[in-house]
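Colleague: Just passing along the structure, written as structure tokens.
The values are calculated or read from the model by the stated rules, or taken from the named source; none is laboratory data. Predicted model only: the values in this text are computed from it and were never measured. Note that each Cβ is placed from the backbone with ideal geometry, even for glycine, and that neighbours are counted across all protein chains shown. We work out accessible area using only protein heavy atoms, side chains counted, and drop any ligands, DNA or RNA first. Shrake-Rupley method; radii C 1.70, N 1.55, O 1.52, S 1.80 Å.
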Amino acid sequence: MKQCQAFRGRVLHFTDNPQHSGEAAYEYWSDGMLLVADGKIHHAGDWNSLASKLPAGTECIEYPHHLLIPGFVDSHIHYPQTEMIAAYGEQLLDWLQRYTFPVEMQFADPDHCAAVARWFLDELLRNGTTTAMVFCTVHPTSVDALFQEAWERRLRLIAGKVLMDRNAPEALLEDAETGYQSSQQLIERWHGVDRLSYAVTPRFAPTSSSEQLALAGKLLKQYPGLYLQTHLSENLAELAWVKDLYPDARHYLDVYAQAGLLGPRSVFAHGIHLCADEWNRLAETDSVLAHCPSSNLFLGSGLFDLQQAQASGVRLGMGTDVGAGTSFSMLQTLADAYKVQQLQGVGLEPLQALYMATLGGARALSLDHLIGSFQPGYEADFTVLDLHATPLIQQRLEYCRELKDLLFVLQTLGDDRCVAATYILGQCLYQRL
Ligand code: GUN
Ligand code: ZN
């Protein structure tokens with residue numbers, strides 16, 4: 001074993017879904033150790049039982065009032081939209097026209113792409129997010145910039161070029177064949193390079209012809225291991241439009257199904273207004289939904305039916321959906337997830353919520369053999385949360401006796417201020433001042 005690092009603090013991780021395994025789904029040590037060697041988890045456990053067995057020369061890093069968890073996984077976010085987060089007053093379709101498309105046009109400029117990509121990845125790390133599935137713009141240069149920055153930091157990241165061939169400003173459109181070819185070039189350049197993976201990215205059914213969606217399906221067949229990301233059933237006006245544009249489809253999801261876009265590596269953002277057949281088709285094909293509560297509240301899109309998702313057995317990730325979502329923080333996103341369930345008279349257990357933002361997210365992205373947990377051999381991407389981050393959090397936590405209460409306070413009151421440090425492959429890439 002090469003140089004080891006032993007991190008001391010409260011340590012928590014999941015090995016399974018609490019919905020299925022209850023208390024057996026996680027391990028927690030209030031005085032714990034995370035032992036890291038060569039960028040991988042070597043061991044997680046109790047400090048006192050392990051400290052005397054540490055290899056000579058192990059560096060010890062103390063986090064005395066902190067909680068160490070696997071890095072957050074954001075399963076749906078748009079990096080070009082960081083500049084128009086918190087744009088006032090519209091619901092989805094008008095919001096896209098008025099704010100999103102004009103901002104995305106600026107990504108024809110490679111310098112602009114590089115500057116925003118850098119800022120965006122810094123912000124992910126500042127929020128404790130170590131892996132994300134990211135929309136770029138239609139411009140190939142937007143993908144090059146993001147992957148280049150992620151590669152330099154050795155991040156595990158999934159991203160892709162947006163495909164649009166109708167119903168958007170001329171400057172953001174291309175014909176279906178051009179979109180197919182430039183996606184192909186990006187796949188050849190980036191897919192499988194170190195920790196990077198490519199996602200074929202038709203924006204959503206209204207901005208793609210059926211020809212373009214069929215070519216997206218062709219790409220998925222051509223390159224095994226590719227992902228697909230798009231939007232599904234977010235807003236009622238969007239649903240009506242899809243019905244008009246695709247009169248022969250049985251429902252929204254059927255538009256994607258007909259193009260061969262469903263499957264275990266396909267991530268559909270939102271899925272708020274789904275019919276029974278859509279839930280069944282998602283489950284049968286092992287397709288994934290990205291739940292984006294902050295975005296759904298901000299755009300007034302609707303309330304996600306988490307109970308239905310869990311009953312159907314559909315895999316779920318949590319997404320911030322910045323810039324429709326209003327925070328990069330997965331803690332804030334979980335706070336909103338809880339409130340979205342409350343509005344429907346349903347609870348969301350804090351352990352379940354944290355699972356969804358870590359191992360659940362890794363499972364949603366088929367990365368759960370690599371990240372999302374502290375099992376030996378996993379990649380050492382982790383986040384250090386400060387339990388004294390604000391006077392309010394520190395004071396409130398004094399009244400918490402149980403882990404689940406502590407987690408609920410953190411997700412309800414916490415945000416980027418709680419992130420003391422973020423580690424990628426055992427290297428500290430962000431440390432709060
Ligand atoms: N549907 C199509 N494009 C978008 C987008 O950029 N954000 C959200 N929230 N929904 C979309
Ligand atoms: Zn989105």
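Colleague: First compute the accessible area of the chain with a 1.4 Å probe, then give the percent of it belonging to carbon and sulfur atoms.
Modeller: 49
Colleague: Just want to confirm a number: the relative contact order over the chain, from Cα pairs under 8 angstrom separated by 6+ residues, in percent.
Modeller: Relative contact order, the chain: 20 percent.
Colleague: Let me ask something else about it. Per-residue HN-Hα couplings for the range 114-119, Karplus 6.51 cos²θ - 1.76 cosθ + 1.60 at θ = phi - 60°, whole Hz, x for Gly and Pro?
Modeller: Calculated HN-Hα couplings, in order: 5, 5, 6, 4, 4, 4 Hz.
Colleague: Right, another one. Would you grab the residues whose amide H sits under 5 Å from the one on Ala421? Only those 5+ places off in sequence or on another chain, please, with H modelled 1.01 Å from N.
Modeller: Under 5 Å from the amide H of Ala421 lie the amide H atoms of Val384, Arg432, each far enough along the sequence or on another chain.
Colleague: What do you get for the angle between helix 236-245 and the principal long axis of the chain? Use alpha-carbon atoms, 0 to 90 degrees, nearest ten.
Modeller: For 236-245 against the chain, the angle is about 40 degrees.
Colleague: Whose amide H sits under 5 Å from the amide H of Met164, counting only residues 5 or more places off or on another chain, with H placed in the peptide plane?
Modeller: When sequence neighbours closer than 5 places are left aside, the close amide H contacts are Glu174.
Colleague: Tell me which lysines have Cα within less than 30 Å of Lys404's Cα, excluding those fewer than 8 residues away on the same chain?
Modeller: Output for Lys404: Lys40, Lys339.
Colleague: Here is a follow-up. Check which residues have an amide H placed less than 5 Å from Asp46's amide H, if you skip close sequence neighbours.
Modeller: Here Met33 satisfy the definition.
Colleague: Follow-up question, since we're still on this one. Starting from the Cα-Cα distance between Glu349 and Tyr399, subtract it from 0.36 nm times their residue separation and give me the gain in nm to one decimal.
Modeller: 16.2 nm
Colleague: Let me ask something additional. Name the residue, out of Thr100, Thr131, Thr383, whose mean-square fluctuation peaks in a Gaussian network model built on the chain with Cα pairs under 10 Å.
Modeller: Thr100
Colleague: Distance between the C-alpha centers of the range 376-398 and the range 86-113? Whole Å please.
Modeller: 34
Colleague: Rolling a 1.4 angstrom probe over the protein heavy atoms, how many square angstrom per residue are accessible across the range 151-244? Please report the intermediate quantities before stating the final value.
Modeller: Working: 3560 Å² over 94 residues.
Per residue, the range 151-244 has an accessible area of 38 Å².
Colleague: Would you calculate, for the chain, the mean residue ellipticity at 222 nm contributed by helices, counting each DSSP H stretch of 4 or more residues as -39,500 (n - 2.57) and dividing by all residues, to the nearest 500?
Modeller: -10500 deg cm²/dmol
Colleague: Given Cα pairs under 8 Å that are at least 6 residues apart, what percent is the relative contact order of the range 77-192?
Modeller: 25
Colleague: Given the peptides 366-378, 3-15, arrange them by the average over their residues of other C-beta atoms within 10 Å, most packed first.
Modeller: 3-15, 366-378
Colleague: As I understand it, the value is the acute angle between the Cα axis of helix 330-342 and the longest principal axis of the Cα atoms of the chain; what does it come to in degrees, rounded to 10?
Modeller: 70
Colleague: Express as a percent, rounded to the nearest 5, the fraction of DSSP beta bridges in the chain (both residues included) that run antiparallel.
Modeller: Restricted to the chain, the bridges split so that about 45 percent are antiparallel.
Colleague: Give me the accessible area per residue for the range 49-108, probe 1.4 Å, as a whole number in Å².
Modeller: Heavy-atom SASA per residue in the range 49-108 reads 43 Å².
Colleague: Hand me the GluC sites (Glu not before Pro) from the range 87-124 located in a DSSP loop with no more than 16 other Cβ atoms within 10 Å, in residue order please.
Modeller: Sites meeting the loop and neighbour criteria: Glu90.
Colleague: How big is the accessible area of Trp29 in square angstrom, nearest 10, if you roll a 1.4 angstrom probe over the protein chains?
Modeller: Taking all protein chains as shown, Trp29 has close to 50 Å².
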